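Taken together, the values in this text are just the output of simple stated rules run on the coordinates, not laboratory data. It should be emphasised that the depicted structure is a prediction, and the values quoted were computed from it without experimental measurement. Here the Cβ positions follow ideal geometry from the backbone for every residue, glycine too, while neighbour counts run over all protein chains shown.
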Amino acid sequence: MKQSFLKQGLMLVYPGFQNEAKIYQCNRIVEEFQALGIQIDKIKVDEMFLEIENGKSNVTLDKYDFCIQLVKDKYIDALLQKHHIRSFNTYEATENCDDKFMTYCLLADHDIKMPTTICGMTNTGVENIEKIEIPESYKNYVEEKLGYPLIVKKSNSKGGRDIYKIDNREMLEKICDKIKGTSYMFQEFIDVNSGKDIRTVVVGKKLVGSIMRINENDFRSNISLGGKSIKYTVTDAYKKIAEKVATILNLDYCSVDFFLTEDNEPIICEVNADPALTAIEKLGEVNVAKAYAEYIFKEIYGE
């Protein structure tokens with residue numbers, strides 16, 4: 001017999017190809033909501049053809065009690081807000097995580113340790129990208145401040161992509177020419193335990209689990225780049241910072257990644273508003289999807 005649901009939620013997902021991790025994440029969250037008696041409608045953002053006609057939008061959202069944004073769309077988000085439909089996470093919180101330098105800006109001055117990071121020169125006022133030149137004085141400043149090796153990454157990098165380890169001035173010159181006209185940043189290279197990091201997962205501003213990621217062939221620990229995960233339990237110091245980060249950034253669900261230091265001191269690497277569930281659930285034996293569904297249920301229905 002087909003199950004009947006009185007409560008409904010909307011899930012916005014990526015258009016096009018869905019990799020195994022994303023499919024697992026979507027299915028697990030839907031399963032846990034179904035166990036709570038809530039139907040989740042999964043909609044790819046490219047399947048919602050937004051239109052404004054005669055001063056009215058063509059999107060009907062009134063049947064939904066909330067929205068799980070696994071991908072951000074500012075136009076759909078605007079309509080959700082007009083209908084007073086709460087999003088998990090909010091568009092603003094996700095945007096602040098997707099812009100890595102904005103993440104550091106918001107976390108600055110809160111007694112949270114982060115690597116020294118220099119914002120790239122993006123506001124040049126030049127329309128033709130080919131004419132943009134990063135001044136030698138700026139390159140000299142980065143070189144003197146950070147030394148070699150240093151890291152260059154696009155501010156919206158995901159999955160370890162668009163992150164480069166720079167060993168000398170020649171490499172710096174080449175990468176500056178490649179990234180000019182984009183949003184990027186220079187960062188101190190943390191060479192201790194390169195290729196290893198600690199991932200913590202936070203739901204409702206509370207730590208629910210952690211793992212260690214290791215990549216023996218790359219300085220980037222990402223699973224998508226050949227890294228692997230092992231069980232790891234963080235100390236209270238990491239727990240405190242992870243929960244503090246989620247609170248400052250107003251994230252309902254996120255991962256906070258830390259460099260693995262010799263003295264076990266928490267240093268923030270980055271924050272993700274849409275971390276995969278596979279490793280933390282299967283390896284850490286933590287039901288993150290259930291924790292997330294129950295958190296949203298309580299927030300929306302107060303039960």
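In plain terms, the residue of MET121, MET11 with the fewest other Cβ atoms within 10 Å comes first and the most crowded comes last, giving MET121, MET11.
What length, rounded to one decimal in nm, is gained on full extension from GLU262 through to LYS228, with 0.36 nm per residue of separation minus their alpha-carbon distance?
Here the segment from GLU262 to LYS228 would lengthen by 10.2 nm.
Cβ-Cβ distance of MET171 and HIS110, R₀ of 35 Å, FRET efficiency by 1/(1 + (r/R0)^6): the value works out to about 0.60. Bridge orientation summary for the chain: considering DSSP beta bridges with both residues in this region, about 75 percent are antiparallel.
Can you grab the distance from the C-alpha centre of the stretch 173-201 to the C-alpha centre of the stretch 227-242, Å, no decimals? Between the Cα centre of the stretch 173-201 and that of the stretch 227-242, the gap is 21 Å.
By per-residue mean of other Cβ atoms within 10 Å, what is the highest-first order of 210-217, 229-236?
On the way: 210-217: 18.1, 229-236: 13.9.
Highest-to-lowest ranking by the protection proxy: 210-217, 229-236.
May I ask you to derive the relative contact order of the chain, considering only C-alpha pairs under 8 Å and at least 6 residues apart, and to give it as an integer percent?
Working: 524 pairs, mean separation 54.7, N = 303.
Relative contact order, the chain: 18 percent.
Here's the picture: charge each Lys and Arg Cβ at +1 and each Asp and Glu Cβ at -1 in the chain, and of VAL286, MET185, VAL208 the one pushed furthest to the positive end of that dipole is VAL286. Of LYS7/LYS231; LYS153/LYS290; LYS240/LYS290; LYS22/LYS154; LYS113/LYS158, which ones are farther than 31 Å apart at the Cα? Check vs 31 Å cut-off fails for LYS7/LYS231; LYS153/LYS290. When every Cα-Cα distance of the chain is counted in 20 angstrom steps from zero, the calculated P(r) takes the values 30, 55, 15, 0 percent.
Starting from the Cα-Cα distance between GLU299 and LYS74, subtract it from 0.36 nm times their residue separation and give me the gain in nm to one decimal.
Numbers: separation 225, 0.36 × 225 = 81.00 nm, distance 2.27 nm.
Computed gain between GLU299 and LYS74 is 78.7 nm.
Around the Cα centre of the chain, unit charges on the Cβ atoms of Lys, Arg, Asp and Glu (plus for the first two, minus for the last two) sum to a dipole of about 660 debye. Look at the alpha carbon pairs under 8 Å that are at least 6 residues apart: their mean separation over the length of the stretch 28-120 gives a relative contact order of 17 percent. Inter-label distance, LEU61 to ASN140: 5.1 nm, where each label sits 7 Å from its Cα along the C-beta direction. Distance between the C-alpha centres of the stretch 244-264 and the stretch 20-99: 25 Å, rounded to the whole angstrom. Projecting the Cα atoms of ALA276, PHE33, ILE68 onto the charge dipole of the chain, computed from C-beta unit charges around the Cα centre, puts PHE33 farthest toward the positive end.
The listed peptides 91-104, 46-59, ordered by packing as a protection proxy, come out as 91-104, 46-59 (highest mean of other Cβ atoms within 10 Å first).
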